[in-house]
Every structure is written in C-alpha cells, then in structure tokens.
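So the structure is just underneath, and the comments pick up after that.
The values are calculated or read from the model by the stated rules, or taken from the named source; none is laboratory data. Predicted model, so just to flag it, every value in this text is computed and none were measured. Methodologically, a virtual Cβ is constructed for each residue, glycine included, from the backbone with ideal geometry; neighbour enumeration extends over all protein chains shown.
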C-alpha cells in the first residue's frame with residue numbers, strides 16, 4: 001500500500017480544491033528557464049573572457065549565485081513584492097548584455113515573455129475566480 005502525504009490525509013469528501021494561480025505558475029517557469037540561461041551565459045562569458053582577463057573563479061561563482069537567486073525567486077513570486085523582484089531580475093538579465101551583447105536580445109525576449117505572463121496570467125486568474133463565483137452561486141441556487 002502506498003504511503004499518503006499530508007494533503008492526501010487531510011482530504012475529505014466534498015472538499016473544494018484550492019486553485020493554483022496561473023500567473024505564479026507562469027512566473028516560476030520563466031524564472032527557472034532564466035536561471036538556466038544565466039548558468040549557460042556565465043559559462044560562455046567565462047569561456048570568452050574569463051581566462052584572458054583573469055578572475056575566472058569569481059566570475060563563475062557570481063553567475064552561479066545569480067542563477068540561485070532566480071531559482072529562489074520562484075518561492076516568493078506569489079507575494080506582491082515577489083513580482084517586483086521578478087521585474088528586477090528581468091532588468092538584470094537584460095543588463096547582462098554589457099558583458100555579452102547577445103544577452104541584450106535574450107534578456108529582452110525573456111522580459112517580453114515575463115510581461116506576457118504577468119498580463120495573461122493575471123487575466124486567467126481573474127477569469128477563473130469569476131467562474132468559481134458563478135459555479136458557487138449556481139450550486140447555492142440548485143441544491144441536490
């Protein structure tokens with residue numbers, strides 16, 4: 001027999017399912033993908049400039065820490081200030097173009113993706129909340 005987790009043990013018949021935010025899911029996905037981009041950009045910048053200019057280890061550590069910040073931002077993106085942190089990370093990703101010009105293009109592309117996720121994710125969350133209110137009103141008006 002499989003072991004049940006806490007949420008499975010707490011479930012009761014008729015219990016409503018807590019809806020996850022589409023905006024938070026989109027934002028978390030984008031931040032994880034950006035963390036991978038930061039790691040690969042760091043390796044590329046290290047390969048192009050790190051050995052020539054010296055300071056290779058601090059460069060790699062800095063990009064590793066930055067990638068970790070992108071990952072950890074996923075945990076707070078559901079808070080109001082977490083979205084602001086995400087916008088700040090978008091600006092930081094674009095500014096990486098100072099070190100490698102192609103990162104301007106990549107950063108702008110991810111920034112546009114982030115903006116789309118914030119707008120459409122928010123719209124989807126509002127639509128889902130409206131649909132849930134209508135469903136609750138219908139169920140209250142039509143008991144079994």
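The condition (being in a loop (DSSP other than H, G, I, E, B), in contact (Cβ under 8 Å) with a residue 12 or more places away in the chain and loosely packed, with under 12 Cβ neighbours inside 10 Å) is satisfied by just one residue among 19, 12: 19. If we scan the stretch 101-123, do we find a residue that is in contact with a helix residue (DSSP H, G or I) (Cβ under 6 Å, 6 or more places away or on another chain), within 20 Å of residue 66 (Cα to Cα) and outside any helix (DSSP H, G or I)? Looking for residues that are in contact with a helix residue (DSSP H, G or I) (Cβ under 6 Å, 6 or more places away or on another chain), within 20 Å of residue 66 (Cα to Cα) and outside any helix (DSSP H, G or I), one finds none in the stretch 101-123, hence no. Of all the numbered requirements in (1) modelled with pLDDT under 95; (2) part of a helix (DSSP H, G or I), residue 78 misses one, and that requirement is (2). Against the list (1) farther than 30 Å from residue 133 by Cα; (2) under 13 Å from the mean Cα position of the chain (by Cα); (3) surrounded by 18 or more Cβ atoms within 10 Å (Cβ to Cβ), the condition residue 74 fails is (1). Residue 46 - would you say it is touching a helix residue (DSSP H, G or I) at 6+ places or on another chain (Cβ under 6 Å), under 26 Å from residue 26 (Cα atoms), at pLDDT below 95 and surrounded by 14 or more Cβ atoms within 10 Å (Cβ to Cβ)? Taking the combined requirement at face value, the residue does not satisfy it. Being touching a residue at least 12 places away in the same chain (Cβ under 8 Å), within 22 Å of residue 21 (Cα to Cα) and buried (at least 17 other Cβ atoms within 10 Å of the Cβ): is that true of residue 66 here? In short, no.
With assigned to a helix (DSSP H, G or I) and either buried (at least 16 other Cβ atoms within 10 Å of the Cβ) or at pLDDT below 95 (or both) as the only criterion, which of 57, 33, 4 stands out?
Answer to the selection: 57.
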